[in-house]
1. So is L311 within 16 Å of the ligand (Cβ to nearest atom) and in a loop (DSSP other than H, G, I, E, B) or not?
2. Just to check your reading of the model, which residue among A540, A566 is surrounded by fewer than 22 Cβ atoms within 10 Å (Cβ to Cβ), part of a strand (DSSP E or B) and in contact with a Leu (Cβ under 6 Å, 6 or more places away or on another chain)?
3. Would the range 552-575 turn up any residue that is of a type in the set (D, E, K, R), within 19 Å of R690 (Cβ to Cβ) and touching a strand residue (DSSP E or B) at 6+ places or on another chain (Cβ under 6 Å)?
4. When the residues of the range 337-370 are filtered to those that are near the ligand (Cβ under 7 Å from one of its atoms) and part of a loop (DSSP other than H, G, I, E, B), which remaining residue is nearest to H427 (Cα to Cα)?
5. Return only the number of the condition from (1) within 16 Å of the ligand (Cβ to nearest atom); (2) over 28 Å from the mean Cα position of the chain (by Cα) that Y395 does not satisfy.
6. For the range 653-668, give me the residue count where each residue is surrounded by fewer than 19 Cβ atoms within 10 Å (Cβ to Cβ) and outside any strand (DSSP E or B).
7. Could you list, in sequence order, all residues of the range 105-148 that are outside any loop (DSSP other than H, G, I, E, B), in contact with a helix residue (DSSP H, G or I) (Cβ under 6 Å, 6 or more places away or on another chain) and away from the ligand (no atom under 15 Å from the Cβ)?
8. Mind listing just one residue for me: the one in the range 177-234 that is assigned to a strand (DSSP E or B) and under 16 Å from the mean Cα position of the chain (by Cα) and, of those, farthest from A523 (Cα to Cα)?
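The values are calculated or read from the model by the stated rules, or taken from the named source; none is laboratory data. The shown structure was predicted, so the numbers you read here are calculated from the model rather than taken from an experiment. Positions of Cβ are backbone-derived with ideal geometry, glycine not excepted, and every protein chain shown enters the neighbour counts.
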Amino acid sequence: MAKDAARDRKDEQLDRDRVADDDQALTTQQGVRVDHTDDSLAAGERGPTLMEDFHVREKITHFDHERIPERVVHARGAGAYGVFQPYDDWLRDYTTAAFLTDPDATTPVFLRFSTVAGSRGSADTVRDVRGFAVKFYTSEGNYDLVGNNFPVFFIQDGAKFPDFVHAVKPEPRNEIPQAASAHDTLWDFVSLQPETLHAIMWLMSDRALPRSYRMMQGFGVHTFRLVDANGRGTFVKFHWTPALGTHSLVWDEVQKIAGADADFNRRDLWDAIEAGDFPEWELGVQLVPEEDEFAFDFDLLDATKLIPEELVPVRPVGKLTLNRNPDNFFAETEQVAFHTANVVPGIDFTNDPLLQARNFSYLDTQLIRLGGSNFAQIPVNRPVAEVHNDQRDGYGQHRVHTSATSYNKNTISGNDPAPGADRSFTHYAEKVEGAKIRRRSESFKDFYSQPAMFWHSMSEVEAEHIVAAFRFELGKVTDKDIRTRVVDQLRQVDLELAKRVAEGIGVAAPAEGAADRGRTSPALSQLTDPVATVATRKVAVLAAEGVDGTGLTSLVADLHRRGAVAEVLGLTDGMIASATGEDVQADRALPTMASVLYDAVAVPCGPDSVAALSRDGRAVHFVAEAYKHGKAVAAFGAGLGLLRAARIEAECADGVEPVDDHGVVTTAANGGDLPEAFLDAFAGAIAGHRAWDRRTDDIPA
Ligand code: HDE
């Protein structure tokens, strides 16, 4: 279903390369039909295999060459196709890029999300930045916006990138730890490079633990440039805002998910698209006129700084919708090649030294990763715009150029393909002059104001999480001097922060440091005006024999009606005999799942069902753990018994009036007439994402 909904130019183009094997005979790569593929050709039944067995030799040789190098960073990822459409044409005053300004133009896209530090097989839910790379297949060529879910980066100049990545990757002697920043080399680097501090604050915050790729923001990070029809430039920062809001997991939860479902974010994206719950983001821009280049107390070319939204508002441009999963992970998600220098008319670069280095690196890395210069011909990378030039040959050349010439200028082919056609890309005519110099600009040297602004913009609970994250990470650092040096850096961000971190890691609390500079940007907190929707949230409904089938069915139906995904977990798979007569199908067996894989849990009535669940430690733990992680918990009738078994002080008012105690929603009612107010309160608690104000220290989970 999801597939038919979305036929666009890219999808149709891919038809040329799709291969379906249904009802086909097995053949060699040469198309010769194979009689038998389970045994090698041998000299006698127990004899040696023969060289002339071209089929088995080809099969094994191809297998031997199946792997390509994983991305040096962002190796672990998941991608999907979709479409982008502008809302209207207001951006036409700033850029000639048709795909951003023509509300009738729908542009196919491929979006790849990723973690950064881990290898291809690492877990999804680790503390890390997430990549947010969008390839727009525009009518004027491919445009790649290769961003992250943080608006700032760890370093200011690309020359430091190999150092930074070597520091954050597993340590060189033993390749430990995998996909984790909690180790000596990263924090040694941080302690010596204060430019990292702003991105480090984001890394220690909840932003590094997204609930879903569908629930995180994306940022272009650098200041780019839009160029209008008269060649006038405007600085621009790109923002992606998810329709489902920006939400995070908690640290204890992400560690457990890494074991329970290492593919958590990847699966979430895949399942949502297969179910037709197409993820959406709004593209927004912050625009700064060129004449205001020096109007800020930071440098627009410094990628460790953001422009506070309160200073320059984010203006909506259009909507991106993901609507189609790839057919083949390797062919598409692995082979997709992004490049910051893939720009189209109307969008140009700035002199941000990080961006300039990226413009070199991405093309270079594809040459080794994808094995040569023709990777743009790989189906997922191929533009929907026409490609004509005099570039020839190379490994894996798929195009059969029929022209008599491959140079310019020529007379033999009428000088085709000819440069200078209408809508050609013309570089922005920026005036530059200066002495060759290897030195950081003075305007890049305030390392502490924006980390402080981020810190002071956090809600209390977000700030607590940041302190706990620093304590965890630095607590894993074996070299005590490094811990001390990091605290010394934090002291310059904020004395209070440094003290709180120091207390947890055995470092003497600093006596002096920066006081609150009085700057905040409320937009930086995820708890400022959060989007609250129950759509696509996953709810576990626990049931055993004797469950109130009528009540369960009406609860599940109500959740589905509201757009949530409810799953009935039985103690085993199969049918569950209910107290009210009808059998209920268990969607999954509880022992195969874990509370950390759900957003909420509900316990229906049914004294026998609840007694059986209460005797099962896994069921009790399931509820306790969901509660501990701040998730919505609901119970009706006898269902409250399981909550009490989990040491949750669940109140139940007389009659059917529901009680909503910090997201624990209960009612004495049961059967088919669950009160609307109970269902509303449960949905509201789920939509609220987490009840952060619970006291959970004594819950054993
Ligand atoms: Fe990347 N980065 N990067 N990066 N990056 C790569 O390209 C690099 C930076 C980002 O899903 C590599 O094809 C340098 C910032 C994403 O395929 C490589 C510098 C931002 C992805 C590379 C940076 C990013 C990459 C590895 C500093 C956010 C995954 C494989 C100058 C704005 C794209 C590849 C995908 C991937 C280099 C800094 C985002 C080696 C040299 C800043 C989302 O070329």
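1. For L311, the condition - within 16 Å of the ligand (Cβ to nearest atom) and in a loop (DSSP other than H, G, I, E, B) - is not met.
2. Details: A540 fails: surrounded by fewer than 22 Cβ atoms within 10 Å (Cβ to Cβ).
Sole residue among the options that is surrounded by fewer than 22 Cβ atoms within 10 Å (Cβ to Cβ), part of a strand (DSSP E or B) and in contact with a Leu (Cβ under 6 Å, 6 or more places away or on another chain): A566.
3. Checking the range 552-575: not a single residue is of a type in the set (D, E, K, R), within 19 Å of R690 (Cβ to Cβ) and touching a strand residue (DSSP E or B) at 6+ places or on another chain (Cβ under 6 Å).
4. The extreme case among them is F338.
5. (1)
6. To start, the set of residues in the range 653-668 that are surrounded by fewer than 19 Cβ atoms within 10 Å (Cβ to Cβ) comprises 653-657, 659, 661-662.
Those still in the list that are outside any strand (DSSP E or B) too: 653-657, 662.
Summing the residues that are surrounded by fewer than 19 Cβ atoms within 10 Å (Cβ to Cβ) and outside any strand (DSSP E or B) in the range 653-668 gives 6.
7. T107, P108, Y137, T138 - these are the residues of the range 105-148 that are outside any loop (DSSP other than H, G, I, E, B), in contact with a helix residue (DSSP H, G or I) (Cβ under 6 Å, 6 or more places away or on another chain) and away from the ligand (no atom under 15 Å from the Cβ).
8. Among residues in the range 177-234 that are assigned to a strand (DSSP E or B) and under 16 Å from the mean Cα position of the chain (by Cα), the one farthest from A523 (Cα to Cα) is P210.
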